[in-house]
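The values are calculated or read from the model by the stated rules, or taken from the named source; none is laboratory data. Since the structure is predicted, the reported quantities are computational estimates derived from the model, not experimental observations. Glycine gets a Cβ as well: all are built from the backbone with ideal geometry, and neighbour counts include every protein chain shown. When the accessible area is computed, the model is the full protein with side chains, heavy atoms only, and any ligands, DNA or RNA have been set aside. Shrake-Rupley method; radii C 1.70, N 1.55, O 1.52, S 1.80 Å.
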Amino acid sequence: MLLEHLTRRACRAPKLPSCDTYRHLWGWLNAVFNKVDHERIQAVGPDRAASEWLLRCGAHVRYQGLDKWQQDYNGLPTGPIGKYKIQAIDATESCIMYRGFDHLDGLEHVEEIKLCKCAYLQDECLQRLSEIQNLQKSLLRLWIISCGNVTDQGIIALHKLSNLKYLFLSDLPGIKQKETTAEILQKSLPSLVLELDLKE
């Protein structure tokens, strides 16, 4: 009798949401995390606002003059606007996406960026990154690893980063013409050290 009652109750239990529902929910949350709040940028300055965006999305930042990577959103350092300048960004396995890249506009001291296993990183993100004038001047080192949506077009866009000295590309299945792409970059950026770990 008890077994029959439990079986009947189990059959009436609500179904768990499907994987598609969870995927949609996470996509929506990630889009919210990437939303740019221009009033916030005005209030706290570009470096603080960009730090908040990056850490909210699961990335880490390192500030000028400090060796330690900032990983804890709640532990972000406080102080007057402009005291902490972002020097390096590690976006490994973060949910940064195109709509959030406006946060990078006001950053003047970023020397290195690591984009590894970024599920939402696309060519448009790299094109946007390359068009940011401050980054064209300051960015020296860039790693792009295991970002499946990146193609030759996105990598070629990096030629606008005129001070880029080192570029590492690895595990990018969207790159189909690595020799041609490498040649275009080397021609545009003759002092660039380009390291490739790409399959034929």
Could you please let me know if Arg48 is over 15 Å from the mean Cα position of the chain (by Cα) and either more than 16 Å from Cys118 (Cβ to Cβ) or outside any helix (DSSP H, G or I) (or both)?
yes
What is the number of the single condition among (1) touching a Gly at 6+ places or on another chain (Cβ under 9 Å); (2) within 21 Å of Met97 (Cα to Cα); (3) modelled with pLDDT under 95; (4) of a type in the set (Gly, Ala, Ser) that Ala50 does not meet?
(3)
Only residues that are within 22 Å of Ile156 (Cβ to Cβ) and either in contact with a Gly (Cβ under 9 Å, 6 or more places away or on another chain) or among the polar types (S, T, N, Q) (or both): list them for the stretch 74-116, please.
Ala91, Ile96
Selection count, the stretch 133-185, where residues are of a type outside the set (Lys, Arg) and over 26 Å from Glu108 (Cα atoms):
18
Of the listed residues (Lys68, Lys85), the one being open to solvent by 60 Å² or more (accessible area, probe 1.4 Å) and more than 17 Å from the chain's Cα centre (by Cα) is Lys68
